[in-house]
Amino acid sequence: MAVRHTLQRAIRPSTTRSTAALWAKSLLNAVLFFGIFMVALPWLSHHFLPMPLRLPSGLRIGLAGALALVGIVAWLACLDAFSRHGRGTPLPADAPRLLVTTGLFGRIRNPIMTAELCVIWAVAMYLASLGAALYAIVISVAAHVMVVHIEEPELLERFGADYAEYCRNVPRWLPRLGQRG
């Protein structure tokens, strides 16, 4: 409980006015986040537990490439939505000032995290090792726990009834088939 409140206090709405500056901050976040969570940690996991998972190489590489492409394109679209419409970044200390409910955010509540997890699973699939797969599983569970116990309560506190209505209408992780965003 104390950890949640400490993390929630670290979330501050952005005071940056320039869309270009918001994009620059978001790209800095990308370099750091991608470098650590999507490259370094999966490779370290692969290195420490390199037991290979038997996956056909064509399938493995094809799915890894598709997941990575979808994740990166979705992530960039979300950065644009945060910068232009939310007037903030994914960085907790520079969070969007406005609730973003359009674009990919109109389909699922957590498209940024989903995009990042797509890239992490792409790396795990490409490496095809037990270590990388375990890393992807652990980070997926941690992401869900963080969203449910930290992010959603903070957003409800910050955006109130608008966020509660958004949660009623938009699923957390998987879009409803046939539903328009």
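The values are calculated or read from the model by the stated rules, or taken from the named source; none is laboratory data. All of these numbers come straight from a predicted model, not from anything done at the bench. When we count neighbours, we look across all protein chains shown, and the Cβ atoms used for this are built from the backbone with ideal geometry, even at glycine.
Quick check: is even one residue across the stretch 11-27 touching a helix residue (DSSP H, G or I) at 6+ places or on another chain (Cβ under 8 Å), at pLDDT 85 or above and either under 17 Å from Ala122 (Cβ atoms) or assigned to a helix (DSSP H, G or I) (or both)?
No, every residue in the stretch 11-27 fails to be touching a helix residue (DSSP H, G or I) at 6+ places or on another chain (Cβ under 8 Å), at pLDDT 85 or above and either under 17 Å from Ala122 (Cβ atoms) or assigned to a helix (DSSP H, G or I) (or both).
If Leu55 satisfies every condition in (1) part of a helix (DSSP H, G or I); (2) over 24 Å from Glu151 (Cα atoms) but one, which is the exception?
It fails just one condition, (1).
Evaluate the stretch 66-76: report whether one residue or more is more than 15 Å from the chain's Cα centre (by Cα) and at pLDDT 80 or above. Spell out the reasoning first.
Looking only at the stretch 66-76, we keep the residues that are more than 15 Å from the chain's Cα centre (by Cα), and these are 66.
Subsequent filtering for residues that are at pLDDT 80 or above retains 66.
Yes, the conditions are met somewhere in the stretch 66-76.
I want to confirm something. Restricting to the stretch 89-104 and keeping residues that are in a loop (DSSP other than H, G, I, E, B) and under 15 Å from the mean Cα position of the chain (by Cα), which single residue is modelled with the highest pLDDT? Working first, answer last.
The first filter runs over the stretch 89-104 and keeps only residues in a loop (DSSP other than H, G, I, E, B), leaving 89-91, 96-102.
Checking which are under 15 Å from the mean Cα position of the chain (by Cα) leaves us with 89-91, 96, 100.
Working: Thr89: 72, Pro90: 74, Leu91: 72, Pro96: 84, Val100: 92.
Among those residues, the one meeting the criterion is Val100.
Taking Ile112, is it in a loop (DSSP other than H, G, I, E, B), over 21 Å from Leu53 (Cα atoms) and in contact (Cβ under 8 Å) with a residue 24 or more places away in the chain?
No.
Only residues that are at pLDDT below 95, under 17 Å from Pro96 (Cβ atoms) and surrounded by 15 or more Cβ atoms within 10 Å (Cβ to Cβ): list them for the stretch 157-181, please.
Within the stretch 157-181, Arg158, Phe159 meet the criteria.
Name every residue in the stretch 115-130 that is touching a His at 6+ places or on another chain (Cβ under 8 Å) and either assigned to a strand (DSSP E or B) or surrounded by fewer than 21 Cβ atoms within 10 Å (Cβ to Cβ) (or both), in order of residue number.
Ser129
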